[in-house]
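As C-alpha cells, the structure follows; a few thoughts come after it.
Every number in this text was worked out from the coordinates using simple rules, so none of it is lab data. Predicted model, so just to flag it, every value in this text is computed and none were measured. Don't worry about glycine lacking a Cβ; one is built from the backbone with ideal geometry, like all the others, and counts go over all protein chains shown.
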Amino acid sequence: MGRATPVATEYVWAKTLRLPSRPPKIVYLDLLHWVSLAKANSGHRDGGRYADVLGACAKAVESGIAVFPISDAIYMEVSKIGPHRQRRDLRDVIELVSRFRVITSRVIIANHEVEALLDELVGPSSRPINEMDYLDWGVARAFGMVGGFRIKDSQTDEDVTEEAAAKYADGPEAFYRKLAWAELELNRKTLEGPTADEEPVLRADGGNPRAGYEVAAQRAAQEMEQVGRFNDDPAWRGVRIRDVIAAREVLIEINRMLYEGLADRGASLDDVLDENDLDRTRRVFNSMPSFDVSVSMKAAYHRNPAHSWKPNHIQDIDALASTVPYCDVVLTDKEAVSHLKATGLARRFQTTVLARLEDLIPILEPSRP
C-alpha cells in the first residue's frame with residue numbers, strides 16, 4: 001500500500017504567543033467534564049461521584065497548583081444547551097474553577113503560528129504581529145478580541161475613561177470597581193445565556209445566542225461532504241488521506257492568513273515551496289503545532305467511513321488544536337483520547353491526555369520534596 005504520510009518531528013513555535021510559566025499546570029477540560037463537575041457542584045443526584053474531583057480542582061486553583069482555562073468552544077457548546085438552569089449550573093462551576101481564565105481563540109493561535117513559520121521561511125514581515133498572551137481573562141479574549149469596558153465620547157469617539165473616573169461622585173476607585181463588576185457580569189451572562197423569557201427579545205433585536213454553534217454545524221456539513229468524496233474514491237482514504245485533509249485545512253482554515261503574511265513579505269507560496277518536493281511541503285505545514293493536531297484528528301475520524309460528523313466534533317478538534325500543544329493536561333472523550341494517543345500527538349507534545357475525571361486527582365496533588 002505504500003508508506004504512510006510523514007509528520008513533522010520538529011515544530012516551529014510562535015515566539016509572539018506568550019506562554020505562562022509553570023507552575024501552575026494548565027489543565028483543559030472539555031464540556032463533558034465540566035458537566036460532571038456542574039452536577040457535583042449543584043447537588044445533582046449523579047454528581048456525588050465527582051465531588052472529590054471538584055474538591056481537588058478547587059484546592060489546586062487556590063494553592064496555585066493548576067489553572068483550568070476555558071476556550072471559545074466551551075462558550076459555543078454551552079450555548080446549544082436548552083434549559084437555562086443547566087447553563088446556569090455550568091456557569092457556576094466554571095466560574096468557581098476557571099475564574100474565567102481563557103485560552104485565546106484557535107484563529108489567533110493559528111495566525112501566530114503562520115507568522116512564525118513565514119518568519120522562518122521568508123523573513124520578518126513588514127507588519128509584525130503583536131505579541132499576545134496564550135492565557136488571558138474573559139470572553140472577549142477567548143474570541144480574540146481586546147475586551148474591557150471603556151468610556152467614549154459620543155461626539156468624538158475619543159476614550160474618556162480616565163476623565164469619567166476622575167469625575168465619578170464616589171471617586172476613581174469606586175468607578176473602576178463598578179467597571180470591573182460590569183465586566184464580570186458580562187462574562188457570567190455570556191456563558192449562561194438568556195432565560196426562556198429573554199431569548200425572544202434578544203432574537204427580536206437581531207441577536208442569536210447559538211450563532212457560533214451554527215457555524216460549527218456548517219463546518220460539520222463540509223466534513224460530511226468530504227466523507228462522500230472519500231466514498232466515491234476510497235483509494236484516497238488510504239495512505240494519502242492526510243495529504244487530502246492537510247490540503248483542505250490550508251484552503252479552509254489558514255489560506256487567508258497565509259497569503260496575507262506572504263504578501264506582507266513580498267513573497268508568494270511558489271517562492272517558499274517546491275511543488276516537486278512533496279515531503280518538504282508536508283514538513284512545512286505539519287511544523288505548525290495546531291495545524292498538526294487538527295489535521296491528525298480529522299484524518300483519524302475520516303479513516304472510519306461510518307463516522308458521522310457533528311458540530312461537537314468540529315468544536316472539539318478546534319479546542320484540541322488550541323490546547324494539546326500548549327497545555328499540560330487535556331481531558332476529552334474516550335474516542336478523542338484514543339486518537340490523540342494512536343496518532344502520536346500526545347507523545348509528540350508530551351501532553352497528558354485523559355478521558356476520566358477521576359484520573360486527574362493524583363495529578364493535582366502537591367509535589368512532594
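With charges set only on the Cβ (+1 for Lys and Arg, -1 for Asp and Glu), what does the dipole of segment 148-205 come to about its Cα centre, in debye to the nearest 20?
Values: 8 positive and 15 negative charges, 30 e Å.
Dipole about the Cα centre, nearest 20: 140 debye.
Compute, for the chain, the length of the dipole vector about the Cα centre, with Cβ point charges of +1 (Lys, Arg) and -1 (Asp, Glu) only. Units Debye, rounded to 20. Provide the component values of the computation, followed by the final result.
Numbers: 48 positive and 57 negative charges, 274 e Å.
Dipole about the Cα centre, nearest 20: 1320 debye.
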**OP:** Quick one: which residues, 5+ away or cross-chain, put their amide H under 5 Å from the amide H of Leu354? H built at 1.01 Å from N.
**Re:** Val330, Leu331, Thr332
Original post:
How many nm is it between the label spots at Asp233 and Asp274, if each spot is 7 Å from the Cα in line with the beta carbon?
Top reply: 2.6
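Per the Kirkwood formula on distinct C-alpha pairs, the Rh of segment 25-112 is how many angstrom? Write out the running numbers ahead of the final one.
Working: mean 1/r = 0.0741 Å⁻¹.
Answer for segment 25-112: a Kirkwood hydrodynamic radius of 13.5 Å.
From the convex hull of the Cα coordinates of segment 265-369, what is the mean projected area in square nanometres? All intermediate terms of the calculation are to be shown ahead of the outcome.
Numbers: hull surface 40.9 nm².
Its Cα hull, projected and averaged over all orientations, spans 10.2 nm².
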Subject >> Point-to-point label distance, Arg283-Tyr259, nm (Cα→Cβ direction, 7 Å offset) >> reply: 2.8
Original post:
Quick one: which of 99-108, 333-342 comes out on top by average Cβ neighbours within 10 Å, and what's the full order, highest first?
Top reply: 99-108, 333-342
Subject >> Charged-residue dipole, Cβ positions (Lys, Arg, Asp, Glu), segment 1-147 about Cα centre, Debye nearest 20 >> reply: 520
Original post:
Once Rh for segment 148-205 is found with the Kirkwood sum over Cα pairs, what is the Stokes-Einstein diffusion coefficient at 10 °C and 1.306 mPa s, in µm²/s?
Top reply: 118
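Run lengths n ≥ 4 of DSSP H only: what is the helix-derived mean residue ellipticity at 222 nm for the chain, with -39500 (n - 2.57) per run over all residues, to the nearest 500? Before the final figure, lay out the partial values.
Numbers: 18 runs with 198 residues, N = 369.
It lands at -16000 deg cm²/dmol.
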